[in-house]
Each structure stands twice: as structure tokens, then as C-alpha cells.
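The values are calculated or read from the model by the stated rules, or taken from the named source; none is laboratory data. These figures come from a predicted structure and were not determined experimentally. Cβ placement follows ideal geometry from the backbone for every residue including glycine, while neighbour counts extend to all protein chains displayed.
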Amino acid sequence: MAERRTRRPSLWSRVRPTQPAIPWHTIVGASVAGALTIAVLGLGGDLVGTPILIAAFGSSCVLVFLLPDAPLSKPINVVGGHLLSALCGLAVHAVLPTAWWSLGLAVGIAMAVMAAARVVHPPAGGTPIAIMLAHEGWGYLLTPVLAGALVLSACALAYRFLLRRLERRPGAPAPRG
């Protein structure tokens, strides 16, 4: 019998995007919401005189606004993930020097704690790194981490509420699947 030759998949077929396309109205709305949320966090910090914005909140905006129905985008995941990760970063920083291996250890511990608490939020993995590299103290837990995560979650909830109202309008684009 002749041997059947199977065709190897091309490199492009192995690396091309496989996630479903996101409708343009969703991309625009989510991008505006993310930009406004980061601006609110920045302005809020200026108004109260203490920062409530950290870099990891940019990644959180990608999740909560572009994928608002994903389990990792729920407010409990955003707040709990950042809070627990910050605790891990602060604890590791309190007992170990800041080095490549302690940064990795802090992120690994944060991942385990988030998973055990069932509040995994991938952007929160950057929180311990920011804490340790900037040599932050325990006050960082409340501001900017907790305060910022709460504001971000409130903005995300407001966005979801607005989306639901707009989707019920006559002539509105079809709801996201």
C-alpha cells in the first residue's frame, strides 16, 4: 500500500490569530472606556494628592473592557487579584532583597495565592514586580492598589451597565456572543 503523505501545516497556520474577531463598535467603545478609566485614575490621584494608578491597571483595562464577560474580568478578580498580589509582593520584599530570583518568587507566590483564592487576574501578576522594583511600603496596598482597583472596577461596572442599556435600544447592534 502506498503511504499517505500528510501535509505539514505552514508556519503561518500555526501562528496566525485564532481568537474570534471583535466587532468594531466593541473595539471603539472598549478603547474609549479604557482610556477614560486610566484618565480618571490619573486625575483622581492628582485630586486626592496620592497616586491611585499603577501600570498593571492598563492591562486590567484590556480585560475588563474588551472581554467584560470573561471570568477573569469580574470585579472580585480585579480587586482580589491585585490586592493579593500586592500582599505577596510586599511580604517577599519585606524579607528578601530585590533580585531577579525574588521577583520571580513573588510573582509565583502571587499566582498560587490568586489561584487558591479563585480570584485569578493575569494583569495582577505585574503588581509584585512594581512593588519590589520601586521599594514600596505597606501603604501601597491601600493606595494605589486597593483604591485604584476599586475605581477601575466601578468604571467597568458602569461600562457594562451602559452596554446593557444600549443593547436594549431599538436598532442597536447585536449583543456580543
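Some points to look at:
- The lone criterion from (1) at pLDDT below 95; (2) exposed (fewer than 13 other Cβ atoms within 10 Å of the Cβ) left unmet by ASP46 is number (1).
- Reported count of residues in region 41-58, each being in a helix (DSSP H, G or I) and either in contact with a strand residue (DSSP E or B) (Cβ under 8 Å, 6 or more places away or on another chain) or more than 17 Å from VAL79 (Cα to Cα) (or both), is 7.
- Pairs meeting the criteria (first residue in region 141-165 and more than 12 Å from GLY34 (Cα to Cα), second residue of a type in the set (Asp, Glu), beta carbons under 9 Å, at least 6 apart or on different chains) are ARG160/ASP69.
- Just one residue in the set ALA56, ALA110, ALA86 is within 10 Å of the chain's Cα centre (by Cα) and either buried (at least 19 other Cβ atoms within 10 Å of the Cβ) or of a type in the set (Phe, Trp, Tyr) (or both); that residue is ALA56.
- Selection count where residues are buried (at least 20 other Cβ atoms within 10 Å of the Cβ) and either of a type in the set (Val, Ile, Thr) or within 18 Å of LEU90 (Cα to Cα) (or both), scope region 137-168: 5
- So ILE22, is it of a type outside the set (D, E, K, R), surrounded by fewer than 18 Cβ atoms within 10 Å (Cβ to Cβ), at pLDDT 95 or above and under 21 Å from PRO122 (Cβ atoms): no
- Those residues of region 56-76 which are in contact (Cβ under 8 Å) with a residue 12 or more places away in the chain and in contact with a Leu (Cβ under 9 Å, 6 or more places away or on another chain), in sequence order: PHE57, SER60, CYS61, LEU63, VAL64, PRO68, LEU72, SER73, PRO75
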